[in-house]
1. Could you pull out which residues in segment A:70-110 have an amide N less than 20 Å from a spot 7 Å beyond the Cα of B:E15, following the Cα-Cβ vector?
2. Treat the count of other C-beta atoms within 10 Å as a stand-in for reagent exposure and order B:W110, B:W207 from fewest to most.
3. Quick one: if you stick a label point 7 Å off each Cα along the C-beta vector at B:I210 and B:S5, how many nm between them?
4. Can you give the Kirkwood hydrodynamic radius of segment B:3-265 from its Cα pairs, in Å with one decimal?
5. Take each complete run of DSSP H in chain B, measure how far its Cα atoms stretch along the helix's own axis, and keep only those covering 18 Å or more with mean Kyte-Doolittle hydropathy at least 0.0; list them.
6. If you average the sequence gap of Cα pairs under 8 Å that are 6 or more apart and divide by the length of segment A:93-205, what percent do you get for the contact order?
7. Normalised by the residues of segment B:3-265, what does the relative contact order come to in percent, with Cα pairs under 8 Å and at least six apart?
8. What is the spin-label model distance, in nm, from B:R139 to A:R121 if the labels are put 7 Å beyond Cα along the C-beta direction?
Amino acid sequence: MAPVIIADNLGIEFYRSRKRKLSLREMIFKGATTHSTEMFWAVRNATFEIGPGEAVGLVGANGSGKSTLLKMIAGVLIPDEGTVEVTKGVAPLIELTGGFKGELTARDNIYLTAGLHGLSRDQVDERFDDIVGFAGQQVRSALDTPFRHFSSGMQVRLGFSVITQLDEPIILVDEVLAVGDRKFRAQCHARMENLLAEGRTLFLVSHSEGDLKKFCTRGLYLSSGEIVMDGTIDETLEAYRSDSDAPASGTA
Amino acid sequence: MSLASRTGAVWRRREVVRTLVVRDLQVRYQRSWLGYVWTVLDPLAMSAIYFLVFVGIFKRGDVGHKPYFLFLVIGLLSWQWFSGTLTDTARSLLQDAKLVRSTNLPREVWVVRVVLAKGIEYVYSLPVLALFAIAYGLRGDVHFSWRLVLLPLGVALQFFLLVGIGLLLAPVTALVTDMQRVIRILLRMAFYATPVIYAQLKVPHPWNRILELNPMTGVLELQRAGFFREGLQVRAVLVSVVASVLIFLLGSWTFTRLERSVLKEI
């Protein structure tokens, strides 16, 4: 089957320090990326294809570019080099509560966030019970109170619940499975397994070997922005482990 | 991506824009039921002040058309939309940074949404304008004419102009946060360089020619044309249309150009 994510020589550059001396004139007429002296490539030369239904785990140390890569696939960062083509819709579990507005009630927020990700009002009506049911009793009884009164756990639960109700065939997950209490984590895992069983494509960033092994079959190992290994999840985890255990390895 | 395809992309996501605008208005009016009162109270209070100063104290109501109070209300309602949008669009990418970072929408949506929300507030305030127009009309002070049809055109032109300016300011402000202060100062200056509290017609040469270059001059001409006897300044309107198109092109170009850097920064 045709791949659903095609990354071709993907690369993105960032400023090493956030303090930049940019004049307005320079920015507009030359483009902001001309100050190449203080730049570094957060991700570079990333080339891979992911087929439908694959479950891919992204492995690597902090700052190796995992989240950046995920964001380029989600379309919320634009690559400076190369292309990434995503042929199907994406449900990004990235900033879970980003769409929520503290002043509005949880109910309004569900409609709002689901709407931002492309669900119509009728579609939300249909799924409303499932969304709330998944988020739990605590959330249900507080549906009509302002969202800012929710505990952070409840907020994330609701966020997770909304995004995983989207129909999108590709799911991008950035370190969100670790949130919530024990019970909710178990629930999340069950939901993820369901989604995978339905044949969705999963792209998972995590530091939890357990999660990676549980959900993923394939692994990409990122080191300093380069994909150094593309294989089964066990192989890549093994490589990552031996690299990070090695004293003063090349990443330092 | 070309301008046409980007415009198309925003249009295809109009449901999302609608959701966002509704949210903005909800938040605004949920916080206090006085929300609506505030939107109209501010321009009305300002109108009263200018009326007092120019007519009550200095007896110079002739700087604008008659009735001067109605002239002020039209101008200040429109100006409130203009200045409110400028301050807010400049912040639009920063304020909802989390949303911009987590949803793959055409980024122009964040600008258009602010202009629309403010525009709807403006439209909501039009009944107040109508009220004053009718009140003055009953006294026989208003010169209603067919040119009232130009009012919606003026509103449309202002919308278009604001989208252009918003596309220009939003990414620049996201990269250079000082811009917000600069914009505040520029806005205050622009207020006096715009025929809000005076009519372009009454401005002596050569200042009136300079004033003509301000795109808001033509916008206000269109919005006021149906209420007053004075002739429409056609040239100012034409300049305004041309300037709005140019600003829109410049804005879109800047936005596309800086989008990449903005996404990295926020």
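1. What the label zone holds, given the 20 Å backbone N cut-off, is A:87-93, A:99-100, A:107-110.
2. On the way: B:W110 24, B:W207 11.
By the 10 Å Cβ count, ascending, the order reads B:W207, B:W110.
3. So the label points at B:I210 and B:S5 sit 4.4 nm apart.
4. Details: mean 1/r = 0.0518 Å⁻¹.
Computed over segment B:3-265, the radius equals 19.3 Å.
5. Numbers: long enough: B:14-31 (26 Å, -0.55); B:35-51 (24 Å, 1.08); B:68-95 (40 Å, 0.79); B:108-138 (45 Å, 1.42); B:150-175 (38 Å, 2.21); B:179-192 (20 Å, 0.78); B:234-265 (45 Å, 1.11).
Those that clear 18 Å and a mean of 0.0 are B:35-51, B:68-95, B:108-138, B:150-175, B:179-192, B:234-265.
6. Working: 121 pairs, mean separation 35.3, N = 113.
Once divided by the residue count of segment A:93-205, the mean separation gives 31 percent.
7. Details: 313 pairs, mean separation 64.3, N = 263.
Computed value for segment B:3-265: 24 percent relative contact order.
8. 4.3 nm
Here, each number is a calculation from the coordinates, and none is a lab measurement. The structure presented is a predicted model; accordingly, all values stated were derived computationally and were not measured. When we count neighbours, we look across all protein chains shown, and the Cβ atoms used for this are built from the backbone with ideal geometry, even at glycine.
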